[in-house]
1. Loop only per DSSP, at most 12 neighbouring Cβ atoms within 10 Å: give me the GluC sites (Glu not before Pro) in the stretch 1-51, ordered by residue number.
2. Choose one answer from Y103, Y17, Y27: the residue with the largest mean-square fluctuation in a GNM of the chain with alpha-carbon springs under 10 Å.
3. If one computes the Cα centroid of the stretch 50-65 and of the stretch 1-44, what distance in Å separates the two points?
4. Mind checking the full-extension length gain between R35 and N110? Use 0.36 nm per residue of separation minus the Cα-Cα distance, one decimal, nm.
5. Would you order L10, L44 from fewest to most other beta-carbon atoms within 10 Å of each residue's own beta-carbon?
6. Just rank M1, M116, fewest to most, by other beta-carbon atoms within 10 angstrom.
7. Could you calculate the FRET efficiency of R18 with L128 from 1/(1 + (r/R0)^6), where r is the beta carbon distance between them and R0 is 25 Å, rounded to 0.05?
8. May I ask you to sort S59, S45, S28 by Cβ crowding, counting other Cβ atoms within 10 Å and putting the fewest first?
Amino acid sequence: MKIEIDAEQLQKAIARYRAERLPGERYSLTERVAREVVTETIDLSPVETGKSRAGWLASLSRLSGVFASTGGDEGEPSGELQRSKAKDRSEIRVTNEVEYINYLEYGTRNVPAFGMVRRALMRVTDRLRRRG
């Protein structure tokens, strides 16, 4: 068996792939990972009033293309989603706007941290490493 590779043709094919398909593939992967992280964060979130979890659910629904209310009215879920697509970078920023979310994540002097976002990121990162 003999395999010949034309280096010039290969370079052109790689350049074409990078220009035409890579940005879309990278963004799709970024979206899937963001969905996994938010879903894991929801699962790890404590539930007392449900506002914190509702904020993450609102962000997840926006990420999935279902635009749930992300209000600001008392009792309404409050989540934010920002997307950024560029030729060489994809970014999705998910935010929970519940006023006490930082206290849940990082704790206080008197209340221990839940660390749901950090733990979700670690779990998803571990899964991605095992897959790759």
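1. E4, E48
2. Of Y103, Y17, Y27, the Gaussian network model singles out Y17 as fluctuating most.
3. 27
4. 23.8 nm
5. Taking fewest neighbouring Cβ atoms as first place, the list is L10, L44.
6. So the residues, fewest neighbours to most, are M1, M116.
7. 0.70
8. S28, S45, S59
None of the figures in this text is laboratory data; all of them are computed from the coordinates on show. On a predicted model such as this, the values are computed, not experimentally measured, just so you know. Backbone-built Cβ (ideal geometry, glycine too); neighbour counts: all protein chains shown.
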